[in-house]
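Following: one structure in structure tokens, then a few remarks.
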Amino acid sequence: MGECSFWDWITDTLHLRDLPFMGAPSLMFNVRYWFGTIAVAALAWQVLTGLILLLYYQPSNAYDSTMAIIHNVPFGSILLSSHLYGAYVMILAAYVHGIDVFLRGTYKKSGGAQWVLGVLLFVLTLGVSFIGYSLTGDVLATDAVDVGKGVLTALGLQSLIPVFFGNGTQLDLFTRLLGWHIIVAAVIILLFMLHYPRVGYRVPAISRNNDLTIKPWWPRNLIFTLAVTLLTWGVILLVPSILAVPQVLGKVPILFSPYPGPSLTSPQASSIPAYPPWFFLFLYKMVDMPFGLTVNAVMGIVIPLVVLLIIPALDRGGSPHLLDRPWVTALFITGLIWVIELSVWGAVQPGIPVKPTWFAVVIIPPVLVSFGGVYAARRRWIKVKGRIARFTTRGVKFSLSKNTAVALGYSTSMIAIVAITTSFALNPISDGPYVGVMWGIALISLAASLMAYLYVEYL
Amino acid sequence: MAGGGVDEGRRNFLKAMIIVAGLSVFVGMLRGLEVLVPPKVGLEEFPRLLLVDERGNPIKASSIPVNGRQIALFPYPLNNEPNMLLNLGDENGKPVEVPPITVVIPQNGVSYEFPGGVGPSRSIVAYSAICQHLGCTFPELTFYPPGVKVMTANGPMDKIIYCRCHGSTFDPYRGGAVVTGPTVRPLPAVVLEWDPSTDELYAVKMIGPVIYGHPGFSNPTLDTVKNPTGDLQGGSPAGVATTVVKYYSNPIL
Ligand code: FES
């Protein structure tokens, strides 16, 4: 087999078997364990597209230069919209990854350092996305900057306003936003490097070499990582490109539009409520609460952040089972429900002041339901706990036959080839969204065929 | 184990397929590197651009307000060449048909044919928003709709485009012709096209003197007024397939 010896040659030449990457058991080839990887893949996409955008963005001409990227630069519409959705994917992946880590209680094992680092990364990711969102200079960006200034003032940090937003001129505002966008992104990358290798205690690798279910890093982990990365990039390209197709674009709610909104001077601007980006809607609704801006900001930002940061210090050791740490679990569930409630509320009634009764109606029930539910479940759990020594989780048994997987692999790689060939017939400026759709389909199909191959060959 | 009963030939074929697919996707996306090539400054010929709003939706001709309280501006053919899009009407806000007309340049007597208005009532026209005298732009140069008079060298006038810098006056109902100086050249006009089936508007070329500040603007000749290619130089293109119309409030209202 010429091909086999070729792979062997590569493996030997590059000493791939000796790399300090660790193997992983088969059950780890499940997307659930890989949301951290998805976040890193999205980050890589952000760095790539962000650096290219840097070649075109002009702080002196924020809105028009942004629109010129969409209308005049080859592949520019894809570049800009995928940079936006790459951030969205990163935020979503960070949420899911954080929830997953919490549910499994793994923050106990690392002594809390990884958890704290993770929370910081989450906050910085929201921050960098907020700044990036404001760079476009559209009507939403202007509102977002105003809210940001308001929140800083409420927290008694007015002196930071010129640091972040400049001396008041438009030019200084956008020059600074661009600078901070890059600085915070660089900090995120550095923190990721600290966050990532330590992940070895759980995912994507496990270090017990004597376990026979654990296969070497090469090539399985590589193929899987590659597939997850391509899948992530495919989604980042496909979703905004579909939304940017002219027939769809007009119907997309402004909060999820792949392109900037109207400029400040446009008559449409007045009909658009002052929205922050969707991932800050919960905070925006908190600002409407009836307690005065300072209390609102402390309740919406400072307290949740402090609680998240000190969880590992309060809840150490012991069983990671959710019901063995009932109050943390209940608190976490409460917080999640609050975020969802407030976000939806903020989208429906942006900027409308909240009456104290409504505050009580929205804020109190989740507390009662979560704590009541968790403690009720715990009472049953304590009764049965002794009898079930330990949950043995098994990977879900695949019922997919290997022959079907081969057929799937064939068809998805065919789809990838057809999609990418089609993209050559499209104009990179006028047909931008369609090129993005084709690329997205090609990448997702390629990821699927890699998964199929991994399944046929190694699982 | 490996392959789980799938014969080796099929497995290798799958591997080969994936490698081919991977390589083609790689090569296909390598084309994306074209993103690094900046758009050309200037153009070879007048592009045909669809007028769209800021969200990319085409502007509908019948929805352009008559004598609009707001001034619609769009760049054409280059980004630094703003033009006013006007739906002209009479005192009662009824659209007025703008007929084709011969426009004479006072500077040297050269003339050209203005093609007239477009749209359902042939009332939609577009002119450069840069004054031909010394280059003042909107909002200094703006449209005075019926009933809103301004003191010109010819006395109080409405239904004109008037420049507050030095008082040049142009007639948008007559191809942008000069009404009073100090300008010696009419306002360049954008030749529009209206698609009755979709109600969409296209900018297809310019006619008249070269836009102020672009090569040859001070010296209109019989050839250049028909095809003012000087407009195509000295800036980056307004768009490839579309140009964005933005509304501004008219400062005089
Ligand atoms: S620049 Fe307009 S009149 Fe002088």
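Computed quantities for the displayed model
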{"quantity": "Given (1) open to solvent by less than 40 Å² (accessible area, probe 1.4 Å); (2) free of Cβ contacts under 8 Å to residues at least 60 places away in the same chain; (3) in contact with a helix residue (DSSP H, G or I) (Cβ under 8 Å, 6 or more places away or on another chain), number of the condition B:Val98 does not satisfy", "calculated": "(2)"}
{"quantity": "Boolean, A:Pro258 is of a type outside the set (A, V, I, L, M, F, W, C), modelled with pLDDT under 85 and either in a loop (DSSP other than H, G, I, E, B) or surrounded by fewer than 19 Cβ atoms within 10 Å (Cβ to Cβ) (or both)", "calculated": "no"}
{"quantity": "Residue in region B:165-176 that is nearest to the ligand (Cβ to nearest atom), counting only those that are closer than 13 Å to B:Asn154 by Cβ and modelled with pLDDT of 90 or more", "calculated": "B:Ser168"}
{"quantity": "Residues satisfying the stated conditions in region B:109-141, i.e. buried (at least 22 other Cβ atoms within 10 Å of the Cβ) and either within 16 Å of the ligand (Cβ to nearest atom) or within 14 Å of chain A (Cβ to nearest Cβ) (or both)", "calculated": "B:Tyr127, B:Ser128, B:Ala129, B:Ile130, B:Cys131, B:Gln132, B:Leu141"}
{"quantity": "Residues being farther than 17 Å from B:His133 by Cα and either within 16 Å of the ligand (Cβ to nearest atom) or open to solvent by less than 50 Å² (accessible area, probe 1.4 Å) (or both) - total across region B:199-220", "calculated": "8"}
{"quantity": "Among the residues listed as B:Thr102, B:Thr152, B:Thr180, the single one being within 13 Å of the ligand (Cβ to nearest atom), in contact with a Phe, Trp or Tyr (Cβ under 8 Å, 6 or more places away or on another chain) and more than 26 Å from B:Ala241 (Cα to Cα)", "calculated": "B:Thr152"}
{"quantity": "Qualifying residue in region A:106-113 (condition: open to solvent by less than 50 Å² (accessible area, probe 1.4 Å), modelled with pLDDT of 80 or more, out of contact with any Leu (no Cβ under 7 Å at 6 or more places or on another chain) and part of a helix (DSSP H, G or I))", "calculated": "no"}
{"quantity": "Residue count for region A:64-120, restricted to those that are under 30 Å from B:Gly56 (Cα atoms) and either within 12 Å of another protein chain (Cβ to nearest Cβ) or among the charged types (D, E, K, R) (or both)", "calculated": "20"}
{"quantity": "Residue within region B:186-194 that is within 15 Å of the ligand (Cβ to nearest atom) and within 14 Å of chain A (Cβ to nearest Cβ) present", "calculated": "no"}
{"quantity": "Given (1) without any contact (Cβ under 8 Å) to a residue 40 or more places away in the chain; (2) in a strand (DSSP E or B), number of the condition B:Met206 does not satisfy", "calculated": "(1)"}
{"quantity": "Complete set of residues in region B:237-253 that are at the interface with chain A (Cβ under 7 Å from one of its Cβ atoms), in a loop (DSSP other than H, G, I, E, B) and open to solvent by 30 Å² or more (accessible area, probe 1.4 Å)", "calculated": "B:Val240, B:Ala241"}
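The values are calculated or read from the model by the stated rules, or taken from the named source; none is laboratory data. These figures come from a predicted structure and were not determined experimentally. Every residue, glycine among them, receives a Cβ derived from its backbone with ideal geometry; neighbour counts consider all protein chains shown. Protein only, heavy atoms only, side chains kept; ligands, DNA and RNA dropped before computing areas. Shrake-Rupley method; radii C 1.70, N 1.55, O 1.52, S 1.80 Å.
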